[in-house]
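Read the structure below first, then the notes.
The values are calculated or read from the model by the stated rules, or taken from the named source; none is laboratory data. Please read all numbers here as calculations on a predicted model, not as lab measurements. Ideal geometry is used to build each Cβ from the backbone, glycine not excepted, and the neighbour counts take in all protein chains shown.
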Amino acid sequence: MASSSGYTYEVSLRLVGERDGRAPEEPAALTFEHVNHDDIIDIVERMRRTTGLAPDAAAAAAVGLKLLGEVMLREKNNPLFDPLRAGLREFITSLKSRAAIERH
């Protein structure tokens, strides 16, 4: 990954259960590095406190949002993301306002 300012994360995903609940015969795994301008761990904790989501759901939403958002920032001229930009901006603004209310 190219050097960039920000926090560098190693992101890992491991299949632990098939659709039917059985353990996979051949576990699949994916690991990659991602640089993000925000402290994703801190954001996960804030989302766990402020969203009303279950802890794992809050973590998944925060991590997914931050990974996608950073890619979109870096790919600001890529039309692939055009349909998402306005909605994602509105969603992030709403999350930030919840966090601000929680701090007061």
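Points to keep in mind about this one:
- Conditions (1) over 24 Å from Thr8 (Cβ atoms); (2) of a type in the set (S, T, N, Q); (3) at pLDDT 95 or above: number failed by Asn36: (1)
- Residue list for the range 61-85, filter: surrounded by fewer than 16 Cβ atoms within 10 Å (Cβ to Cβ) and of a type in the set (Asp, Glu): Glu75, Asp82
- Of all residues assigned to the range 23-32, none qualifies as being under 16 Å from the mean Cα position of the chain (by Cα) and of a type in the set (D, E, K, R).
- Count of the range 21-60 residues which are without any contact (Cβ under 8 Å) to a residue 12 or more places away in the chain and surrounded by fewer than 14 Cβ atoms within 10 Å (Cβ to Cβ): 13
- Members of the range 45-73 found to be more than 15 Å from the chain's Cα centre (by Cα) and either modelled with pLDDT of 95 or more or closer than 16 Å to Val11 by Cα (or both), listed by number: Ala54
- Among the residues of the range 62-83, the one identified as more than 21 Å from Gly6 (Cβ to Cβ) and of a type in the set (A, V, I, L, M, F, W, C) is Leu80.
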